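Structure, as C-alpha cells:
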Amino acid sequence: MEFNEYQAAAKRTLYGNEQVLTNCALGLASESGQVVDIVKNYTFRGQKLSKDQLIHEMGDVLWYLSQVAEWADIPFDEIAKNNIEVLNKRYPHGYKS
C-alpha cells in the first residue's frame with residue numbers, strides 16, 4: 001500500500017471538529033508512549049516482545065501521523081520522500097558506527 005493510499009483510507013475513520021489537530025497530536029504522543037512501554041517492558045522487565053502488540057500500537061501511531069498530515073494538507077508520500085532525502089544527505093554511505 002502506498003502512503004497516500006493509506007492516508008486517504010485512514011481519513012475515513014477521522015472524527016472531529018476544529019480541535020482535530022490537537023486530538024491527533026495528543027493521540028500520537030499517547031500511542032508512541034505505548035510503543036515505548038512495550039520496548040521498555042522487553043528491555044528492562046524481561047517480558048516477551050510481542051510483534052502483534054507492536055504492530056497494533058505502531059499502526060495507531062501511523063494513523064495519527066497520517067491524520068496530522070491530512071489536517072495540514074501534506075501528502076503522506078511527501079513526508080516519507082523528504083525523510084529519505086534527509087537520511088541520504090546525512091548518511092550518504094549508510095550509517096556506520
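Sorted fewest first by neighbouring Cβ atoms within 10 angstrom, HIS93, HIS56 come out as HIS93, HIS56.
Along the chain, counting only chymotrypsin sites (Phe, Trp or Tyr not before Pro) with a DSSP assignment other than H, G, I, E or B and at most 12 other Cβ atoms inside a 10 Å radius, the longest segment between sites is 16-94.
Counting only whole DSSP H helices of the chain, the ones at least 27 Å long by C-alpha along their axis and with mean Kyte-Doolittle hydropathy no lower than -1.0 are 20-45, 51-71. Overall dimensions of the chain, expressed as equivalent-ellipsoid semi-axes from the Cα gyration tensor (√(5λ), whole Å, largest first), are 25, 22, 12. Split the chain at each of the trypsin sites (Lys or Arg not before Pro) in a DSSP loop with at most 14 other beta carbon atoms within 10 Å, and the longest piece is 49-95.
Could you list ASP60, ASP73 so that the one with the fewest beta carbons within 10 Å of its beta carbon is first and the one with the most is last?
Values: ASP60 17, ASP73 6.
Listing ASP60, ASP73 from fewest to most nearby Cβ atoms yields ASP73, ASP60.
Cut-off under 18 Å on the C-alpha distance; same-chain residues fewer than 8 positions from LYS81 excluded. Which aspartates and glutamates are left, in chain and number order? Of all the aspartates and glutamates, those that pass the test against LYS81 - Cα under 18 Å, at least 8 places apart if same chain - are GLU2, GLU5, GLU70, ASP73. By the count of other C-beta atoms within 10 Å, a proxy for reagent exposure, MET58, MET1 are ordered fewest to most as MET1, MET58.
Kindly provide the GluC sites (Glu not before Pro) of segment 14-97 that DSSP labels as loop, not H, G, I, E or B, and whose Cβ sees at most 11 other Cβ atoms within 10 Å.
On the way: sites: GLU18, GLU31, GLU57, GLU70, GLU78, GLU85; in loops: GLU18.
Passing sites in segment 14-97 are GLU18.
Take the Cβ atoms of LYS89 and ASN4, set R0 to 22 Å, and the FRET efficiency comes out at 0.40.
No value in this document is a laboratory result; all are computed from the given coordinates. What you see is a predicted model, and the numbers here were worked out from it, not measured in a lab. Ideal geometry is used to build each Cβ from the backbone, glycine not excepted, and the neighbour counts take in all protein chains shown.
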